[in-house]
Amino acid sequence: MITGKRDKAAGSRTARQSEADKRFFFGEDQKTVRHLLLPDGMNTRPLSYMVVNDGGIDLYFAGLYADKLPKKSTIASTYTPLFNYRRVTSCVFVDPLGSDSVKRINKRISMLDAERYAAIQKDNINRYRTISTQMQDAESWAKSLDSGMNTLFEVTFLFGVWGNSLMELQKRVADFQGVARKSQVELANTFAATAVAYRSCAPLNKMCRVDYSLGKVSADIGEVPFKRHIFDMFSLSTIYSHVDSEFYHQHGVVIGRNLYNALPVAFDPYDRSHFSYGLIIAGMPGYGKSACWKMLSTRLIDFGVHIAAIDFKPRGLRGEYSAAAEAVGGVSYTIAPDSKVRINLFDLSEQIEFDEESGTEYRTLRLYDKIESTKSILMVIATAGSKNNGSAQPYAAEVMDRMQTIVRTCIRNVYASIGLKDKDPDSLYETARSKRGAFGAGRRKKMMPTMRDFYYELLCMHMENDDTYKEDAFRLLLDVYAEYVEELYFCPRCLRKYTKEEYEALPVRADGKRWCMHEDGKTEAIREIRGTKAFFDAQSTISVDPNLPITNFDVSQVPESERPIMMLICQAFVSEYFVKTNGADVRHAKKLLVAVDEAHLMLPYADAREFLSRQMRLNRSRNCGLVLIVQSIQDFARYEDAEDILKNAETYFLFKHNARDSKALKDTLQITDSQVQNILSLGGDERAEEKRPGEMCLYDVPTKRCVFLQTDYLKKTEQYVVETDVVEVEKMMRARFSAGGRE
């Protein structure tokens, strides 16, 4: 009985709440939902548009209908750009003719036959020929209708265009008509029937008619004021988009909602449909690329994905991704000339391979692979100082070949000097003897070569060189690499090395130089090298923990001209200690992603493109995906050898592109013209003040699906780590500071 009383009381409270809601939402003049949604007033006096007022806000509406259509239409191509155009309500009214189909075609044949007879009587050959062609078409239609395999429809295309002002409405109408002309569709304004177009488009979604004798608009009687076109069953099918707009990976993270149906879109780079895990994020600055990646990465870590990111853009005194990495329990390393964080270009580690026959994993050392990747980076350093129209080709092809041979041999020599052997992981280690104060003896990793060792080996190779063709290449390399050596003292004649202490202990002569004394009694001034880019020359001071959710390498404080090189060095370091250490057996391997921001800055260098292509292939075999963030697909299209990079990319996140990139988009992705136009319209007009950041196209290569969506992030919990807009970041910092002050 007590329970019943409680239920009755709860029901009474619910009823009272419902009545309160009704009193709140509906007044005396608004008794239903339809009355609530109706606008407050309309101005239908203008001929070419009308004004809808609701809550004191004016919206401008113009009606357009299809006056002329192309003779041939293509499924999901001809009409799709019109139906998907923004701020336009599209309506297609289809009226089956049924049994009237045969009557209409018979009437047309009779009319054409009479006109053809009249043309014969007037001896008008041209008119007779034209009507005869039309007669053949009509008779072919009659045969298909008589067989019952086809039928006719009356179709009306009606479009309602909206704008916040009259000027905006006029511009949008002109743009929309331009898009229609590309599909050979001519649009006409509804003029005096704008009110009829409004009622037909939005509120009723039913073709309204006009009874001109009474001057009234009705949904049932009267004439349709807009042009009707005759379609058969097959041509009618072309008005539908035939595009599956749903995209949802079963184990993915929600990254946004579909722009056309508001359904959630979930993405998983490791979905079963993907053969590799590469991801390309491309788009113009300021439209949401970085925010999208930060949102995606901070959500993927909850699904066991581990991420290494190379951060390019500064956000104050730190990189853009530093806050995101630390907010989720990761770490951010700031690399700068005055920082203690150092990464050695020549660092090398063993890796794990998988034997499919025995089903076991084993250790190995891929020394030759490391030599090739290091050679690519050093060649980028050698060519970074000279660019020709954005392409790094400063030297002739034969000089470049000699330089590559010299660099490759020099790298091999410095690794051989410490006893490293290919496929021998034990050669990486040495036995450490017990010293006073140490815990004991054991095996430890050898000290890897540095830039100083490489440069000294290059000097030795130059001294021993007897090939006159290589002389210029040697001199070029020695001049360039000297800037990247922290400190080196040597005699140019005998190549004796001096430590800093030995060098400073030598007497200084009157000329201010210190001299090396040789056995023959001759002297040579000791050369001192102190490079201005010495932060490349050191043993690594950090390590990568693959168990951390995010490891961020912040290179934003490095001089801008050197950041592309440091990005490559960081990738090489991540490859050694983050990718190669991952198990080769995908059943037990971790899910890894390596993201490189502003990757297009590396693409002008052929050796950098070779390096990225090699990393794409290596990462795929290690259950790792390489994420490249660039400003346009055109950045890849400029170089033929960049195609190897794109082949290993399974997914593209495409933000707004420039109109000049349309050909690159179509050729690279093999998408339709209408999809290209939609990509170009993402985010709004780049010249307008109002933009729509976060709009993007997700193109999935395995399934050939193209989905347009709005990326979302949670304002309360994700805005601090995701937001990239400087103004919004400043507002957040002020709000956080004010809240801290009140507390």
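Out of the residues in the range 496-543 that are closer than 29 Å to residue 336 by Cβ and among the acidic types (Asp, Glu), which is surrounded by the most Cβ atoms within 10 Å (Cβ to Cβ)?
Within the range 496-543, the match that is surrounded by the most Cβ atoms within 10 Å (Cβ to Cβ) is 537.
Could you say whether any residue in the range 543-558 is assigned by TED's automatic domain parsing to the domain that holds residue 322, assigned to a helix (DSSP H, G or I), in contact with an Asp or Glu (Cβ under 8 Å, 6 or more places away or on another chain) and touching a residue at least 40 places away in the same chain (Cβ under 8 Å)?
no
So which helices (runs of 4 or more DSSP H) are wholly in the range 41-150 and hold at least 1 residues that are of a type in the set (Asp, Glu) and touching a helix residue (DSSP H, G or I) at 6+ places or on another chain (Cβ under 8 Å)?
Output list reads 100-121, 125-146.
Could you grab the pairs with beta carbons closer than 6 Å, sequence gap of 6+ or different chains, first residue in the range 43-56 and more than 18 Å from residue 174 (Cβ to Cβ) and free of Cβ contacts under 8 Å to residues at least 60 places away in the same chain, second one of a type outside the set (S, T, N, Q) and in a loop (DSSP other than H, G, I, E, B)?
From residues that are more than 18 Å from residue 174 (Cβ to Cβ) and free of Cβ contacts under 8 Å to residues at least 60 places away in the same chain, the pairs are 53/40; 54/39; 54/40.
Restricting the search to the range 567-589, which residues are at pLDDT 90 or above and either among the basic types (Lys, Arg) or farther than 23 Å from residue 289 by Cα (or both)?
Across the range 567-589, the qualifying residues are 569, 572, 573, 575, 576, 577, 578, 579.
Given (1) modelled with pLDDT under 85; (2) surrounded by 14 or more Cβ atoms within 10 Å (Cβ to Cβ); (3) polar (S, T, N, Q), identify the lone condition not met by residue 213.
It fails just one condition, (2).
Report, by residue number, each residue of the range 131-158 that is surrounded by 14 or more Cβ atoms within 10 Å (Cβ to Cβ) and among the hydroxyl-bearing types (Ser, Thr, Tyr).
Correct list: 144, 151, 156.
When you check residue 303 against the structure, is it in the same structural domain as residue 571 (by TED's automatic domain parsing) and either within 19 Å of residue 546 (Cα to Cα) or in contact with a strand residue (DSSP E or B) (Cβ under 6 Å, 6 or more places away or on another chain) (or both), yes or no?
On the way: in the same structural domain as residue 571 (by TED's automatic domain parsing): yes; either within 19 Å of residue 546 (Cα to Cα) or in contact with a strand residue (DSSP E or B) (Cβ under 6 Å, 6 or more places away or on another chain) (or both): yes.
Considered against the rule, which asks whether it is in the same structural domain as residue 571 (by TED's automatic domain parsing) and either within 19 Å of residue 546 (Cα to Cα) or in contact with a strand residue (DSSP E or B) (Cβ under 6 Å, 6 or more places away or on another chain) (or both), residue 303 comes out as yes.
Considering each of 275, 247 in turn, give the residue that is surrounded by 19 or more Cβ atoms within 10 Å (Cβ to Cβ) and of a type in the set (Phe, Trp, Tyr).
247
Residues that are surrounded by fewer than 19 Cβ atoms within 10 Å (Cβ to Cβ): find the helices (runs of 4 or more DSSP H) completely inside the range 608-683 holding 2 or more of those.
In the range 608-683, 643-647, 662-669, 673-681 are the helices (runs of 4 or more DSSP H) which contain 2 or more residues that are surrounded by fewer than 19 Cβ atoms within 10 Å (Cβ to Cβ).
Any idea how many residues of the range 327-367 are under 16 Å from residue 588 (Cβ atoms) and of a type in the set (Ser, Thr, Tyr)?
Just the residues of the range 327-367 that are under 16 Å from residue 588 (Cβ atoms), to begin with: 351-356, 358-363.
Now drop any that are not of a type in the set (Ser, Thr, Tyr), which leaves 358, 360, 362.
Result for the range 327-367: 3.
In the set 368, 270, 362, which member is modelled with pLDDT of 90 or more and surrounded by fewer than 16 Cβ atoms within 10 Å (Cβ to Cβ)?
Exactly one residue qualifies, and that residue is 368.
What is the residue count in the range 651-681 for residues that are in contact with a strand residue (DSSP E or B) (Cβ under 7 Å, 6 or more places away or on another chain) and either modelled with pLDDT of 90 or more or β-branched (Val, Ile, Thr) (or both)?
So the count comes out to 7.
The values are calculated or read from the model by the stated rules, or taken from the named source; none is laboratory data. Keep in mind that what you see is a predicted model, and the values were worked out from it rather than measured. Counting neighbours? That spans all protein chains shown, and the Cβs are built from the backbone with ideal geometry, glycine included.
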